[in-house]
Amino acid sequence: MYRYAKLKNRVTRTLGIDAAEVESDPFVAELVDALSPDRVKQDGAHRALLSHDASVFDGGNSGPVVFPETTEEVAAVTRAAATHGRNVVPRGAGTGLAGGAIPLGVPVVVAVTRMNEIHEIDTDNGIAWVGPGVVNLDLTKHLAPIGYHFAPDPSSQQVCTIGGNVANNSGGPHCLAYGVTNAHIVAMEVVLPSGDVVMLGGLDAEPAGYDLRGAFVGSEGTLGITTKIAVRITKNRPEVRTLLLSFESVTDAANTVSGIIAAGIVPAALEVMDQRITVAVENYVNAGYPRDAAAVLLAEVDGLADGVDLDADRIAEIGRANGATAVKLAGSDTERALLWKGRKTAFGAIAQLAPDYYLHDTVVPRSKLAEVLTKTYEIADRYDLTIMNVFHAGDGNLHPLILFDARDEGVLEKVHAAGGEIITASLDAGGVLSGEHGIGVEKQKFMDRMFSSDDLDHQNRLRQAFDPGCRTNPGKVIPTGHSCADIQSLRSVPKEVWA
Amino acid sequence: MSTAPAALATNDPVLLGFAEEVGTDGPVAVAGRRTRWTTGGTLAPDTRVIAAPSGIVEHLPDEMTVTVRAGTTVADLHAELAAAGQRTALPDRGGTVGGALAVGENDLRALGRERVRTALLQVRYVSAEGRIVTSGGPTVKNVSGFDLPRLMVGSLGTLGLLGEVILRTNPIPPVSRWYAAAGAHPRAVLETLLAPSAVLTNGETVWVELEGHAPDVDAEAARLASIGSFAEVAGPPELPVHRWSLTPAEVLSLHDTGHVIGASDFVAVAGLGLVFSHEPQPPRSVDPGVAIIAERLKQNFDPTGRLNPGRMAGGTA
Ligand SMILES: Cc1cc2nc3c(=O)[nH]c(=O)nc-3n(C[C@H](O)[C@H](O)[C@H](O)COP(=O)(O)OP(=O)(O)OC[C@H]3O[C@@H](n4cnc5c(N)ncnc54)[C@H](O)[C@@H]3O)c2cc1C
Ligand SMILES: Cc1cc2nc3c(=O)[nH]c(=O)nc-3n(C[C@H](O)[C@H](O)[C@H](O)COP(=O)(O)OP(=O)(O)OC[C@H]3O[C@@H](n4cnc5c(N)ncnc54)[C@H](O)[C@@H]3O)c2cc1C
């Protein structure tokens, strides 16, 4: 929430848009016709608020902001944008951390948050049809009475939308056993950049043709706007065991994680937090974490009673063999919920410590976790920055978190330089750029560290098959030189559009 | 474990040799074991038919990944993985890893082994221009860039010829058992059990595969016994040759009526929607908007139409 307040300040400082000019734009007039005046926002406050997401990156330049309620309205907006040669940027809750929803090229921002209806629960097909604006946790709560849930559970699940989850192929602690968003998307209605409405994927076992569904998931809003989604629903497991293991070093925790996987156990979740985070969390919500452990491992197994007991015992054993100083089994649902509350509010806890943070997201082979973690601390020390680590250890997904105060002279440069070194260390260890936040504008400049120019060229061919005019969320993912449009020109406002 | 950045242009001589073989012009296709050779249409005459490289490059059990050349048979791959207690989602019906991915058909036990399309982590393929293209990454979780691996699964080698892949591996559960009962209903099975690995029906008999820790399998088997006279059997039934793709709900009504697909005998996979029948599935209609994107994809990836000419993804066997 503190970010929100800061954004509001920035709005009043930086934007003085001439309302008359906005109103004389024939494009805006067409949008108002297609929707209704109250759902086309052109005031400086709306445009500035929606020019950012939850990342640390400078905002873009938003054109009009629209709040459609139906697929037909999204199609009408997209067609109007096509006719007027304007860009389109889809937007959910704006919790993205890679700048994916930042509007570049003065686009119309299509905020789908009002398309938040859960249309149908279809247990015979094992799916639910939902609007893209449905909040992730709302779906799971809605499914609880019939004993199901939506498996992807990003830490932001109280706010982020399923449309945003699709676009970023989001993950969460429980994606270790259940798979990330892609594994849970069966079919999607999509408004293409042309304004045509198509169905990608299907409810049948093996839909005919290329897997365009699969290509759309994780495309960060660059291939069109999804307006209705068939998500797989997952049966709740009758039994859950949650263990909290304490360690004297992050390395011991990381080795335990490798040991568990090597033993053939795929737990529902394996999350590691270092001491700095656990102390912050304890001060914030009192979740029951030890303050004196260098690292804690939160391990959860679910399924049938006997199996989860067997696995929980083996996890405890592997932990002890790797130096665990304490192993605690959550004794009740309340205790378990509290442990998870601690994990999922870690970022809220951080806000108590410093006004700003930069949350990184890379993946390394599990066997390299300890080595790369040690490097992150070394890098932060060298730049005189505070770094903490809380991460999805089970799939090697690191989340180094750098704390800072943006008001300190030159600190952002240091934060970015340290971040670059962390990315390099992850790639050098055989890892990848992003595990769940995506590339957005954040990691474009690192794409050629992971991919050759032939590789990037082929990614762009996919992009152009959906969006030959490069008008949907331009300037994202693929770096300048390989992509549709040049990011520099997208940042500046074309003369003919706004003053 | 390689310590070079994950996926930059490869100088692997085996893949470079494969790229050279693909070359830069003339129609070309890869043959695996030809177990699905007619899927998607008849190969254009005068097409040069080559083989993909074979061999297992590296299995990392505690990363749950395996790097394997596309020409390796699924049987060879699974034999090697089994020695370390692991398997993949790929169906083993006598074909190759590249063929299984290019065709994209799921194992009938996909409920318990994930779908083929989510098993592929990284792919190196040779493009129509004869270049080696890498997409995805070697780690089990990755959202770096556009998801070409998903596009390659089921693309029948019409967008690129698969040379080497990294697949996700999974532990083989301690116990796998099949049960069968006449007169049971697949819906009751799906509602009663937590996570069966397979539920098959031919309209009369229902087959169920249970996997996991022995006491869990025993507990689920006891639950099965409460809804039908299930007895342990050696495995699934013989499958008719043609494959249909229906919705899971359609399979449930197929069990009830037996006539929905216009074929008298079938084996259907409940919870998934796959049906095996003696009749081929009639061609399925494709959304016109989807067809336009598919055409553009083919045009963008293979402008001269040299990759697997005559075949189209989405055809049925
Ligand atoms: C505190 C915090 C914790 C987080 N934890 C996690 C985590 O555990 N795991 C994780 O994966 N992520 C996490 N995130 C990142 C973020 O929440 C996810 O990426 C989320 O899925 C974004 O959803 P959103 O609705 O906020 O999307 P937005 O930020 O609004 O948009 C994200 C991208 O999706 C596109 N988009 C949005 N809607 C559509 C649509 N209908 N059609 C097409 N494109 C669309 C946008 O253009 C943009 O590129 C976290 C973020 C925060 C702030
Ligand atoms: C009787 C029978 C039953 C079957 N049952 C099942 C089943 O239950 N489940 C199941 O999933 N499958 C089943 N299959 C299908 C089959 O086993 C798999 O799809 C198989 O793995 C295909 O491999 P292949 O090497 O034989 O491919 P091929 O038949 O040689 O090739 C199939 C297609 O893929 C292309 N191709 C092959 N390799 C590559 C490559 N490296 N790069 C690009 N394109 C390539 C070919 O050009 C061709 O178009 C069955 C097959 C038979 C004959």
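The values are calculated or read from the model by the stated rules, or taken from the named source; none is laboratory data. Given the structure is predicted, the values throughout are model-derived calculations rather than measurements. Because the Cβ atoms are built from the backbone with ideal geometry, glycine has one as well, and the counts that use them run over all protein chains shown.
A few comments on the model shown:
- Some residue of the stretch A:131-148 being within 23 Å of B:Pro248 (Cα to Cα) and in contact with a helix residue (DSSP H, G or I) (Cβ under 6 Å, 6 or more places away or on another chain): no
- Scanning the stretch B:279-315 for residues being within 12 Å of ligand 2 (Cβ to nearest atom) and in contact with a strand residue (DSSP E or B) (Cβ under 7 Å, 6 or more places away or on another chain) gives a total of 2.
- Among the residues here, B:Ala180 qualifies as out of contact with any Asp or Glu (no Cβ under 7 Å at 6 or more places or on another chain), part of a strand (DSSP E or B), in the same structural domain as B:Gly271 (by TED's automatic domain parsing) and surrounded by fewer than 23 Cβ atoms within 10 Å (Cβ to Cβ).
- Of the residues making up the stretch B:184-217, those that are in a helix (DSSP H, G or I), within 11 Å of chain A (Cβ to nearest Cβ) and touching a strand residue (DSSP E or B) at 6+ places or on another chain (Cβ under 9 Å) number 5.
- Which listed residue, of A:Gly172, A:Gly179, A:Gly147, is farther than 24 Å from B:Arg296 by Cα and either assigned by TED's automatic domain parsing to the domain that holds A:His399 or near ligand 1 (Cβ under 9 Å from one of its atoms) (or both): A:Gly172
- The residue that is nearest to the other protein chains (Cβ to nearest Cβ), counting only those in the stretch A:261-298 that are small (Gly, Ala, Ser), under 30 Å from B:Gln86 (Cα atoms) and touching a Lys or Arg at 6+ places or on another chain (Cβ under 8 Å), is A:Ala263.
- Considering the stretch A:461-480, the residues that are facing chain B (nearest Cβ under 8 Å) and either assigned to a helix (DSSP H, G or I) or within 10 Å of A:Pro193 (Cα to Cα) (or both) include one that is nearest to the chain's Cα centre (by Cα), namely A:Arg463.
- Hey, B:Leu190 crowded, with 22+ Cβ neighbours inside 10 Å and within 23 Å of the chain's Cα centre (by Cα) or not: no
- Counting the residues of the stretch B:30-82 that are at positive phi and either within 16 Å of ligand 1 (Cβ to nearest atom) or of a type in the set (Asp, Glu) (or both) gives 1.
- Test: residue in the stretch B:250-261 that is assigned to a helix (DSSP H, G or I), at pLDDT below 95 and either under 30 Å from A:Asp302 (Cα atoms) or in the same structural domain as B:Asp147 (by TED's automatic domain parsing) (or both): yes
- Enumeration of residues in the stretch A:337-374 that are crowded, with 19+ Cβ neighbours inside 10 Å, among the charged types (D, E, K, R) and at pLDDT 90 or above: A:Arg343, A:Asp356, A:Asp361, A:Arg366, A:Lys368
- Residue within the stretch B:237-247 that is more than 16 Å from ligand 2 (Cβ to nearest atom) and not assigned by TED's automatic domain parsing to the domain that holds B:Glu105 present: yes
- Single condition B:Val68 does not satisfy, out of (1) within 10 Å of another protein chain (Cβ to nearest Cβ); (2) more than 25 Å from A:Asp204 (Cα to Cα): (1)
- Of all residues in the stretch A:440-460, exactly one satisfies the criterion of being among the small types (Gly, Ala, Ser) and outside any loop (DSSP other than H, G, I, E, B), namely A:Ser453.
- Helices (runs of 4 or more DSSP H) contained entirely in the stretch A:296-373, each with at least 1 residues that are in contact (Cβ under 8 Å) with a residue 60 or more places away in the chain, under 30 Å from A:Asp408 (Cβ atoms) and in contact with a helix residue (DSSP H, G or I) (Cβ under 9 Å, 6 or more places away or on another chain): A:333-344, A:346-351
One line per residue, one yes/no per condition, for (1) surrounded by fewer than 23 Cβ atoms within 10 Å (Cβ to Cβ); (2) hydrophobic (A, V, I, L, M, F, W, C); (3) touching a residue at least 40 places away in the same chain (Cβ under 8 Å); (4) closer than 30 Å to B:Thr192 by Cα:
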{"residue": "A:Val89", "(1), (2), (3), (4)": "no, yes, yes, no"}
{"residue": "A:Gly96", "(1), (2), (3), (4)": "no, no, yes, no"}
{"residue": "A:Ala101", "(1), (2), (3), (4)": "no, yes, yes, no"}
{"residue": "A:Ala128", "(1), (2), (3), (4)": "no, yes, yes, yes"}
{"residue": "A:Ile146", "(1), (2), (3), (4)": "yes, yes, no, yes"}
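- Filter result (among the small types (Gly, Ala, Ser), at the interface with chain A (Cβ under 9 Å from one of its Cβ atoms) and under 21 Å from B:Thr24 (Cβ atoms)) within the stretch B:120-160: B:Ser127, B:Ser135, B:Ser155, B:Gly160
- Filtered residues of the stretch A:247-260 (kept if touching a strand residue (DSSP E or B) at 6+ places or on another chain (Cβ under 8 Å), surrounded by 19 or more Cβ atoms within 10 Å (Cβ to Cβ) and either among the polar types (S, T, N, Q) or within 14 Å of another protein chain (Cβ to nearest Cβ) (or both)): A:Ala254, A:Thr256, A:Val257, A:Ile260
- Of all residues in the stretch B:89-119 being under 30 Å from A:Ser434 (Cβ atoms) and more than 14 Å from chain A (Cβ to nearest Cβ), the one that is nearest to ligand 1 (Cβ to nearest atom): B:Leu90
- Entirely in the stretch B:21-80, the strands (runs of 3 or more DSSP E) that have 3 or more residues that are within 17 Å of B:Leu159 (Cα to Cα): B:28-30, B:48-50
- Residue list for the stretch A:423-457, restricted to those being β-branched (Val, Ile, Thr) and either closer than 20 Å to A:Gly221 by Cα or more than 7 Å from chain B (Cβ to nearest Cβ) (or both): A:Ile423, A:Thr424, A:Ile439, A:Val441
- Scanning the stretch B:32-63 for residues that are within 13 Å of ligand 2 (Cβ to nearest atom), more than 26 Å from B:Ala82 (Cβ to Cβ) and free of Cβ contacts under 8 Å to residues at least 24 places away in the same chain yields B:Trp37, B:Arg48, B:Val49.
- In the stretch B:156-177, residue nearest to A:Arg461 (Cα to Cα) [restricted to those that are away from ligand 2 (no atom under 13 Å from the Cβ) and not in a strand (DSSP E or B)]: B:Thr169
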